[in-house]
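Heads up: the structure comes next, in structure tokens.
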Amino acid sequence: MNLTDALRTHRLLAIVRGPDPDAALAAVLTLAESGVALIEVSLTGADALGTIRRARAALGPEFHLGAGTVLTVDDARAAADAGATFLVTPAIADSLDEAPRLGLPVLAGALTPSEVVRARAAGAAAVKLFPASFGGPDYLAALRDPFPDTPLVPVGGVDAEGARRYLERGAIAVGVGSPLLGDAVRGGDAAALRQRAAAFLAAVRA
């Protein structure tokens, strides 16, 4: 299943970013066990590449495990070497040019209409509307008018209720970081993470 189809099917992308590599890995595995099928590990987290390597070894080659905040050509290459199967950017970045050479799809960050056009022209599989909180679901719906065929994934400040609203307004999926992860990336309660995962999965499936 390609990235765009996976986003349309599963509708939730979990974003893991934290200061503790072991806690980040535990969070990734807990999310996967809870049924979250798309997970991004941000390169801004501590030893993120190591987390991706260990998670890939644990989850196997077919799991949709990506690298986030991939800005440069070197970032893209390192993420691919670590086992990422897709890349995520916060903006139009040099990594977009390298991704096709690596055979990796990209969820490319954009906010304005011009940036959406540039992301798609660069080959992005889908567009990450970031920060989504800037305009909310109404802004996403407004972008859908000129770009009805562009797969949009809002990221930034999306809670469970917001996830439902974005999907109702035309998003193909939502990306969620701290509202889902909470303190899990700092060694917090795994049971609470499982409960939040269940709430988000229920919201995107509603």
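The values are calculated or read from the model by the stated rules, or taken from the named source; none is laboratory data. Predicted model only: the values in this text are computed from it and were never measured. Using ideal geometry, Cβ is built from the backbone for each residue, glycine included, and neighbour counts are taken over all protein chains shown. Just the protein is used for accessible areas: all its heavy atoms, side chains included, with ligands, DNA and RNA removed. Shrake-Rupley method; radii C 1.70, N 1.55, O 1.52, S 1.80 Å.
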Revision key, fill the gap. Summed over the other residues with a beta carbon less than 9 angstrom from that of A173, with K and R at +1 and D and E at -1, the charge totals +2
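Taking the Cβ of A79 as the centre, find all other residues whose Cβ is under 15 Å away and add up their charges (Lys, Arg: +1; Asp, Glu: -1).
My count for the surroundings of A79 gives -2.
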Practice item. For every other residue with a beta carbon closer than 10 angstrom to the beta carbon of M1, add +1 if it is Lys or Arg and -1 if Asp or Glu, then tell me the sum. Key: -1
Check your understanding: For the residue pair A192 and T72, what label-to-label distance in nm results when each label sits 7 Å from Cα along the Cα-to-beta-carbon direction?
Key -> 3.6 nm
**Study point:** Mean separation of Cα contacts under 8 Å, 6 or more apart, over the residue count of the stretch 37-196: relative contact order %
**Key:** 13 percent
Exercise for review: May I ask you to give the percent of accessible area on the chain that is carbon plus sulfur, with a probe radius of 1.4 Å?
Suggested key: 51 percent
Review point. Which cross-chain or sequence-distant (5 or more) residues have an amide H under 5 Å from the amide H of A46, H modelled 1.01 Å from N in plane?
Key: G18, D20
Study note, to complete from the structure: In nanometres, the difference between 0.36 nm per residue of separation and the alpha-carbon distance of A121 and R144 is 6.6 nm
Exercise for review: Please work out the average accessible area per residue across the chain, using the 1.4 Å probe convention, and give it in Å².
Suggested key: 42 Å²
Practice item. At 15 Å minimum axial length over the Cα atoms and a Kyte-Doolittle cut of -0.5, report the qualifying DSSP H helices in the chain, or say none. Key: 21-33, 48-59, 190-205
Exercise for review: Grab the Cα-Cα distance for S133 and A91, subtract it from 0.36 nm times how many residues apart they are, and report the gain in nm with one decimal.
Suggested key: 13.6 nm
Check your understanding: What are the ³J(HN,Hα) values, in whole Hz, obtained from phi via the Karplus relation 6.51 cos²θ - 1.76 cosθ + 1.60 with θ = phi - 60°, for each residue of the stretch 148-154 in sequence order, with x given for Gly and Pro?
Key -> x, 9, 8, x, 10, 10, x
**Study point:** Nonlocal amide H pairs with G109, under 5 Å, H built at 1.01 Å
**Key:** T89, A91, K128
**Study point:** Length released on extending from E168 to R8, taking residue separation times 0.36 nm less the Cα-Cα span
**Key:** 56.3 nm
